[in-house]
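Here's the structure, in structure tokens; my notes come after.
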Amino acid sequence: ARRIEESLGLEPLWLDFGSDPQERALNSTSRSSHVHLPVLEVSPAAGAGREPMDYPAVIDYLEVPEAWAKHRLGRDLSKYRVLPVSGDSMSPTINDGDLVFVDTNVTSYQANGIYVIIWHDRLLIKRLRASLSSGKIEIASDNEAAYPTEAVSLEEVEKLHICGLVKCWWSIKGA
């Protein structure tokens, strides 16, 4: 069978599986282990913000390969939620309609990164960074030309509610 495949210019094992390598890869992927991550009805705003919900409902589940999830997100996937983003304040990093994978186990500032937060009764997705010179936490947008950076003083830090840390995101682009 290998000699026939070679003489016909076919991929190895083509005769065994009766399909091309791409189709075999697709079939083997569909048989691999997947996990279902909850997609919440809430959408953090990459912009001026929106009113937060007390208990956002799970509206769907996103099925992803378990190996990908553990590589990108870590071993404990139970606290991850998927949220659709609306707005342009985090462009070009995260864009309107992108899906973010949020570790809801993180509820305090740990290091510079992108967080889902509630600030002044607005649900936001923003970059948090510590400013050593001012001793404040900065709430920054990647689209700084349209959205100015805000600073949280030590006196106000208890008003900053961190809902989770964004670990990664999927950008969905169309034609």
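The values are calculated or read from the model by the stated rules, or taken from the named source; none is laboratory data. All values derive from a computational prediction rather than experimental measurement. A quick note on method: Cβ atoms are made from the backbone with ideal geometry, for glycine too, and the neighbour counts reach across all protein chains shown. Surface accessibility is based on the protein's heavy atoms, side chains included, excluding ligands, DNA and RNA. Shrake-Rupley method; radii C 1.70, N 1.55, O 1.52, S 1.80 Å.
Going residue by residue through the range 104-112, is there one that turns out to be within 20 Å of K79 (Cβ to Cβ), in contact with a Lys or Arg (Cβ under 6 Å, 6 or more places away or on another chain) and open to solvent by 20 Å² or more (accessible area, probe 1.4 Å)? Give the derivation first.
Of the residues in the range 104-112, the ones within 20 Å of K79 (Cβ to Cβ) are 104-111.
Now drop any that are not in contact with a Lys or Arg (Cβ under 6 Å, 6 or more places away or on another chain), which leaves 104-105.
Filter again for open to solvent by 20 Å² or more (accessible area, probe 1.4 Å), leaving 104-105.
Yes, the range 104-112 contains at least one residue that is within 20 Å of K79 (Cβ to Cβ), in contact with a Lys or Arg (Cβ under 6 Å, 6 or more places away or on another chain) and open to solvent by 20 Å² or more (accessible area, probe 1.4 Å).
Please pick out the residue among S141, S131 that is without any contact (Cβ under 8 Å) to a residue 60 or more places away in the chain and not hydrophobic (A, V, I, L, M, F, W, C). Explain how you work it out, then say what you get.
Details: S141 fails: without any contact (Cβ under 8 Å) to a residue 60 or more places away in the chain.
Among S141, S131, only S131 is without any contact (Cβ under 8 Å) to a residue 60 or more places away in the chain and not hydrophobic (A, V, I, L, M, F, W, C).
Quick one: what pairs do we get from the range 33-44, first residue closer than 20 Å to H71 by Cβ, second assigned to a loop (DSSP other than H, G, I, E, B) and modelled with pLDDT of 90 or more, C-beta under 8 Å, 6+ apart or different chains?
These pairs meet every condition: V35/L77; L37/L77.
Considering each of S89, S78 in turn, give the residue that is open to solvent by 30 Å² or more (accessible area, probe 1.4 Å) and either without any contact (Cβ under 8 Å) to a residue 24 or more places away in the chain or in contact with an Asp or Glu (Cβ under 9 Å, 6 or more places away or on another chain) (or both).
Details: S89 fails: open to solvent by 30 Å² or more (accessible area, probe 1.4 Å).
Going through S89, S78 in turn, the sole match is S78.
Here's a check for you: in the range 39-61, which residue that is open to solvent by less than 40 Å² (accessible area, probe 1.4 Å) and farther than 13 Å from L124 by Cα is farthest from the chain's Cα centre (by Cα)?
Step by step, filter the range 39-61, then rank; the result is L40.
Could you list, in sequence order, all residues of the range 118-159 that are buried (at least 16 other Cβ atoms within 10 Å of the Cβ) and among the small types (G, A, S)?
Scanning the range 118-159 gives A140, S141.
Quick check on my filter: what residues within the range 144-160 are under 12 Å from L128 (Cβ atoms) and touching a strand residue (DSSP E or B) at 6+ places or on another chain (Cβ under 6 Å)?
Looking only at the range 144-160, we keep the residues that are under 12 Å from L128 (Cβ atoms), and these are 149-152, 157, 160.
Of everything in the range 144-160, those that are under 12 Å from L128 (Cβ atoms) and touching a strand residue (DSSP E or B) at 6+ places or on another chain (Cβ under 6 Å) turn out to be T149, E150, A151, V152, L160.
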